[in-house]
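In what follows, a single structure is set out as structure tokens and then discussed.
No lab work stands behind these numbers, since they all come straight from the coordinates. Computed from a prediction, not measured in an experiment: that's the story for all the values here. So basically every Cβ, Gly included, is an ideal-geometry build from the backbone, and we count neighbours across all protein chains shown.
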Amino acid sequence: MRDSSKKVGKHYVLVHGACGGAWCWYKVKPLLEAAGHLVTVLDMAASGVNLKKIHELQTLRDYSEPLIQLMASQPDDQKVILVGHSFGGLNLAMVMEMFPHKIEVSVFVSAFLPDTDHTPSYIFDKFVASMPENGQHYWLDTETKCLGHPEEALTTMSFGPKFLSKLCHLSPHEDVELAMTLKRSSSLFLHDISKPEAKLSKERYGSVRRVFVVCEEDQGISQDFQRWMIENDGVKEVKELRGSDHMPMFCMPKKLSDCLLEIAKN
């Protein structure tokens, strides 16, 4: 839902990561609005206050439906600035493939960044392989469940206090508590994004301007892996947030907002 009845400045659309919601942007949204821009924050399906339940979803498209509906409703002559955080990069990639002509720029904030040579699941295969012991201790107290038939099983996850503290290790304690209170179970939809038809095209996804924002102290997606994704996808525009953990919207909202304003200005 838009937050203003009249068109002003640019139109930012902010997309949260796994287990999050529109609430994640509560510090950044007013800063962008104060600079004269329109800001839409969305709950993906089964996230935030969205009424869907995670077991009702099977595909990334199901999960991305609120963003797809928003993009479908946008006039062709009014481009948006998409901003995706963490797993939100996959939501961005899907609508970039569907609506490339409606996007001015897509900004990946320490977000998973797929390429056009592989299916999106390739990024997660490489992510796990980059970790010591193939990520055996990475997830800490995250709870996982498998739902449905084995061949099409939906694996859900719910971040625990230790894992959230790792993601937010430089953020205010109050924001960690907020995240613990408002988080909902999510999924990476690996069974879906590994299918051949999930592959992205150079003609559509690849035609959209992409900017990556590196969070240098990120313990969720390491800086090394962020830079590997940048090189793997051939992103030319890179910004850096020094001293940021995985949640820059919590630990340095003003710097993140300034970064997004600079990207739009350029």
Using a 10 Å cut-off on Cβ atoms, rank the peptides 190-199, 26-35, 137-146, 80-89 from the highest mean neighbour count down.
80-89, 26-35, 190-199, 137-146
Restricting to the chain, what percent of DSSP beta bridges are antiparallel, rounded to 5?
25 percent
Residues of segment 184-219 with backbone nitrogen within less than 12 Å of a virtual label 7 Å along the Cα-to-Cβ line of ASP76, please, listed as ranges.
none
Mean separation of Cα pairs under 8 Å and 6+ residues apart, divided by the residue count of the chain: what relative contact order is that in percent?
22 percent
Other residues with Cβ under 15 Å from the Cβ of LEU188 give, with Lys and Arg +1 and Asp and Glu -1, a net charge of 0
Multiply the residue gap between ASN266 and LEU190 by 0.36 nm, knock off their C-alpha separation, and tell me the result in nm, one decimal place.
23.9 nm
Want the number for MET131 to GLU216: 0.36 nm per residue separation, take away the alpha-carbon distance, what's left?
28.9 nm
Helix-only CD estimate at 222 nm, as mean residue ellipticity for the chain, using -39500 (n - 2.57) per DSSP H run (n ≥ 4)
-9500 deg cm²/dmol
Residue separation between TRP228 and SER201 times 0.36 nm, minus their alpha-carbon distance, gives in nm 7.7 nm
By the scheme Lys and Arg +1, Asp and Glu -1, what is the net charge of all other residues having a beta-carbon under 11 Å from that of VAL107?
0
Order of 69-76, 12-19 by packing, highest average Cβ count within 10 Å first?
12-19, 69-76
Would any residue of segment 180-194 have its amide N under 20 Å from a label point 7 Å out along Cα→Cβ of HIS55? List them or say none.
183-192
Could you tell me which of the pairs LYS126/LYS199; LYS145/LYS166; LYS29/LYS265; LYS52/LYS254 are separated by over 23 angstrom between their Cα atoms in the structure shown?
LYS52/LYS254
